[in-house]
Structure formats: structure tokens, C-alpha cells
Amino acid sequence: MKHTSITLLTLTAAASFAQSAPAAASAFTTSGNLSITSDYVFRGLSQTAGKAAVQGGYDVSHSSGLSAGVWASNVSSAIGGLEIDLYANYGFKVGAVDVSVGYINYVYNTAANGGEANVSATYAGLQLKASKGVNGTLNDYYYEANYSRDIAQVKGLSLGLHYGSDRVTTNNDYAISLSYPVLGFTGTVAFSDIQNGESITAFSLKKTF
């Protein structure tokens with residue numbers, strides 16, 4: 001009887017410990033996104049001929065720093081009708097700087113495809129990034145600087161700034177955006193300009209899950 005009592009107490013304690021022990025954290029994390037925009041603007045140029053676009057993507061990240069994803073959007077028929085981006089990155093830290101090395105392939109259903117390799121460094125909201133076309137129709141260099149900052153005076157409001165330079169076309173593009181929560185979505189208004197040649201204002205709603 002005493003042995004039985006000890007056994008029951010041991011089993012009870014073990015069960016209690018098992019219930020209180022935290023579950024092992026997964027090395028993988030996933031996220032998805034869905035958005036609608038009044039104009040799909042990429043590097044200062046409309047990809048939808050000034051029309052609306054529905055976009056969505058899915059990403060998988062590993063604790064090692066590796067990540068991969070897919071993203072899609074409708075585009076104008078002149079470009080290919082549908083764009084699907086496939087990408088992979090490896091991120092790591094150098095001191096307080098976040099560094100990323102990656103590759104992205106732009107796939108179109110009725111147009112020529114191309115891929116870019118890229119490297120970026122981010123510190124205190126400022127990102128410097130260089131991309132180089134490595135296959136398909138892409139062979140030029142594109143350099144960009146991006147800056148993001150939360151506006152402390154207005155909770156939820158964030159500012160985004162962008163400057164880019166294409167070394168083949170010699171186009172320089174600029175953009176400024178403001179984002180704010182809207183009914184569970186992130187609402188963004190963005191103004192883009194290419195050397196005062198074409199200005200575009202676009203509105204978007206995005207949901208991340």
C-alpha cells in the first residue's frame with residue numbers, strides 16, 4: 001500500500017510537471033499577407049497602367065536566418081497579366097546592423113522573366129540595398145535607400161521614405177508614404193515620382209496574418 005501511494009504521488013507530480021513545462025518553440029515561423037491597391041507602383045513606375053491591383057504573399061522563416069516566400073499581383077497585359085515573385089534570403093547581424101543576402105525571380109505568364117541578386121544593410125530604420133540582374137531579361141544594377149519611422153505623436157502612424165537609382169535607364173525615383181491602422185488593416189497612401197517625369201499617388205489596404 002505504501003509503495004502504491006508513492007507511485008501515485010510520483011505519477012501525479014510528473015503529470016503536473018508535464019503540464020507546466022512550456023512547449024518547445026518551433027524553429028519555423030510563417031506569415032501571409034493580402035492587399036488591394038489603387039495602383040501597383042514599382043521603382044516609380046505603374047505596373048498596372050494606373051489601374052487597381054489585388055496582391056498576396058506567403059513567407060516562411062527559420063531561426064537560422066533563412067527565409068523564402070512567394071508573392072503575386074495582377075499587372076497590365078503589356079507586362080504579362082500576372083506577376084509571381086519567388087524569393088529567398090539569408091539574414092544575419094554584424095554588430096547592430098541587420099544584413100540580408102537574397103535572390104528574387106520575377107515570373108510573368110505571358111512575358112519574359114528575370115532574376116535579381118541583392119544585398120542590404122539596415123540600421124535604425126535606414127536600409128541601403130543593391131540589386132543586380134543576373135538572368136533572363138535583367139542585367140542592370142539598382143541601388144536604393146529606404147527609411148521607416150514610427151511617428152511618436154500619433155499612435156500607429158508610420159512614415160516611409162524611398163530613393164532609387166537604375167544604372168541602365170539612369171532613372172532616379174522617389175517616394176514618400178504614410179501608413180495607419182484602418183479597421184484591422186494597414187492603410188497606406190504613397191506618392192511616387194521619377195525625376196519629375198511621372199507622379200503617382202496610390203492608396204492601399206493590407207492585412208497580415
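No lab work stands behind these numbers, since they all come straight from the coordinates. None of these values were measured; they are calculated from a predicted model. Backbone-built Cβ (ideal geometry, glycine too); neighbour counts: all protein chains shown.
For residue 51, the lysines whose Cα comes closer than 22 Å to its Cα, not counting residues fewer than 8 places off in the same chain, are 206, 207. Protection proxy ranking, highest mean first, for peptides 83-91, 26-34: 83-91, 26-34, where packing is the per-residue count of other beta-carbon atoms within 10 Å, averaged.
Its Cα gyration tensor gives the stretch 28-208 an equivalent ellipsoid; the semi-axes, largest first and in whole Å, are 23, 22, 19.
Using only the C-alpha atoms, the convex hull of the stretch 116-209 corresponds to 133 Å³ per residue. Dimensions of the stretch 111-162 based on its C-alpha atoms, expressed as ranges along the principal axes with the largest first, amount to 46, 24, 11 Å. Where the centre of each part is set by its Cα atoms, how far does the stretch 172-200 sit from the stretch 68-125, in angstrom? Spelled out, the Cα-based centre of one part sits 19 Å from the other. For the stretch 61-149, the Kirkwood estimate of hydrodynamic radius, built from reciprocal distances between every pair of different alpha carbons, is 14.3 Å. Just to confirm the number: angle between the C-alpha axis of helix 2-20 and the first principal axis of the chain, 0 to 90 degrees, nearest 10? Value to nearest ten degrees: 10.
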